[in-house]
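Here is the structure we will look at, set down as structure tokens.
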Amino acid sequence: MYKRILVNIELLEKRVAILEDNALEEYYIERADHQKVVGNVYKGRVTAILPGMGAAFVDLGLEKNGFLHVSDVVEGPRDLEELLSESFNGLTAKKSQKDSLPNITNLLKKGQEIMVQVVKEPIGTKGARLTTHISLPGRYLVLMPYESRIGVSKRITKYSERGRIKKEISSLNLPKDIGIIVRTAGGSCRRGAFKNEIRYLLKTWERIKREGEKARAPSLIHREYDLLFRVARDIFTNDVNRLIVDDREEFKRIAHFVGFTMPSLRLRLKYYRGETPLFERFGIEKEIAKLYENRIYLKNRGYIIIEQTEGLVAIDVNTGSFVGRKNLEETAFLTNLEAAKEISRQIRLRDMGGIIVIDFIDMDLKEHRSQVFETLKNGLRRDKARSKVLNISALGLVEMTRQRMRKSVESLSYRVCPYCNGRGSVKSVTTLSIEVRRKLSQVLKKWPRRPLVMHAHPEVVERVTRQDRNSISYLENRYRRKIIIKGNPSFHIERYHIEEPAK
């Protein structure tokens, strides 16, 4: 497998595409007007305590106050299983321990200053999700102040290697109340590399503590790396053949960073000098455009439809023009099998999160349902975000949740349509013609006997004055009034306006 990372730098945005054998597998975007806050450490001020929710709101100096749940304040070790499930930036929110959580009012007071880290971006009407358990990710390790354990990523599966890593970390005489998680990239590291990174992360933590003591709340204490450096730190590993950057200054920045942190990969960096834009050169623009379409066609001519709301994503599988060869069961099975692979890829590419419901085509055979479900799970294993998937039901439904730490690609690039207000459709011309006639009838009953002038979208005018002209003539004859209908191209198709008769 040939793996490339392509980095496109523009004045207002940075984009990263990850290709495996020329197929787009991951896509990230960061814009100048939407600064990422996940990973940032703030000194905030508690503005409100909500005992009924077991939470507090914290002023960070951002547009919306952050949300801090009691499970992210409680002193004591975090769930190690949760911490070992690495995310894109090494940060995870703490699991709720409902049976042992104290009252939030015993931990925090209104007006109290507190150091917190953002673990989830503000999404929709919700502010950032916060934790007091700081995590500082490096390339090979995640440093966890206030912890005292050593953990190894689940993706390092070899028992002897896990034992070696723990032994080498333990020999470094870590300070008390400092925990370490070894990331997947640290699987091949030796004691010297671990020692150097721990030294760097400890210095970072000491600086954060000093800044936190001096700063006045609310204020930013520590900023997480930008997209380019996060990619270099978290994704640019030995299995990547090339990292290509199309901006000279950013290439120099990343070359310096890579040369300092992972010199063995320095020769895999490349500055792109071609006249054809980088993403266009590799056919990525067309693939990115598909991420904003709700219908994705499969190779066998079936298709899936993706509909996203703020809290839920619905995915529907259809056979389309694929008719199969043997019977309906085989047609459904083959379509579902291909759809399961594409759905796991689309979830990852679009960075969809929250509750996801997948409606596969009904299958009668249990072994077919099992194969489709396993195919979906295998595709999701490649995902860095945590997910929980329930087994496929007899009706072909799969319910799952996926960690949501930031806005999806679609919500970052699109806004709710100001015309349909998110309905995804507008009234038909026929409906509007009937509505216009009804409104005219109401007005004719009330206003004096003078000509009426109505303005509407040209399509509506066309329908009213041609196909439905008889209905307008009926109103003119009944009320003995002249009705003048004028088209206005600047009107939204659902808008119409009746002028008040001149006195």
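The values are calculated or read from the model by the stated rules, or taken from the named source; none is laboratory data. The shown structure was predicted, so the numbers you read here are calculated from the model rather than taken from an experiment. Glycine gets a Cβ as well: all are built from the backbone with ideal geometry, and neighbour counts include every protein chain shown. Just so you know, the surface numbers come from the protein's heavy atoms only, side chains and all, with ligands and any DNA or RNA stripped out. Shrake-Rupley method; radii C 1.70, N 1.55, O 1.52, S 1.80 Å.
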In nm, the gap between the two label points placed 7 Å beyond Cα toward Cβ at L475 and S219 is 6.6 nm
Carbon plus sulfur, as percent of the 1.4 Å-probe accessible area of the chain, comes to 49 percent
Check: C-alpha center the stretch 154-192 vs C-alpha center the stretch 195-218, spacing in Å is 22 Å
Of 59-68, 216-225, ordering from highest average Cβ density within 10 Å down gives 59-68, 216-225
Over 30 Å (Cα to Cα) among K126/K427; K158/K209; K445/K486 -> K126/K427; K158/K209
Once T157 and K427 are pulled to full extension, the length gained, defined as 0.36 nm per residue separation minus their Cα-Cα distance, is 91.5 nm
Any GluC sites (Glu not before Pro) in the stretch 256-300 that lie in a DSSP loop and have at most 15 other Cβ atoms within 10 Å would be E275, E293
Here the relative contact order (percent) of the stretch 294-453, from C-alpha pairs under 8 Å and at least 6 apart, is 18 percent
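Any of K14/K290; K14/K214; K110/K214 with alpha carbons more than 27 Å apart? Name them for me.
Flagged as over cut-off: K14/K214.
So how much slack lies between E13 and E374, counting 0.36 nm per residue of separation and subtracting their Cα-Cα distance, in nm?
126.2 nm
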Protection proxy (average C-beta count within 10 Å per residue), highest first, orders 379-392, 115-128, 154-167, 335-348 as 335-348, 115-128, 379-392, 154-167
The stretch 117-131 and the stretch 358-429 have their Cα centres apart by a whole-number Å value of 23 Å
In nm, the gap between the two label points placed 7 Å beyond Cα toward Cβ at K290 and M1 is 1.8 nm
Amide H proximity to L101 below 5 Å, modelled H, separation 5+ or other chain, gives none
Those chymotrypsin sites (Phe, Trp or Tyr not before Pro) from the stretch 404-485 that are DSSP loop and have at most 14 other Cβ neighbours within 10 Å turn out to be Y414, Y419
With the 8 Å Cα cutoff and a minimum separation of six or more residues, the chain has a relative contact order in percent of 12 percent
Counting only backbone N atoms under 20 Å from a point 7 Å out along Cα-to-Cβ of E280, the residues of the stretch 6-20 in range are 6-18
Relative to the chain, whose Cα atoms define the longest principal axis, helix 248-261 and its Cα axis are tilted in degrees, nearest 10, by 30 degrees
Beyond 23 Å (Cα-Cα) in this structure, taken from K366/K388; K43/K195; K36/K64, we find K43/K195
Regression test value, accessible area per residue of the chain, probe 1.4 Å, units Å², expected 53 Å²
If each part is reduced to its alpha-carbon centroid, the stretch 457-503 and the stretch 226-299 end up apart, in Å, by 56 Å
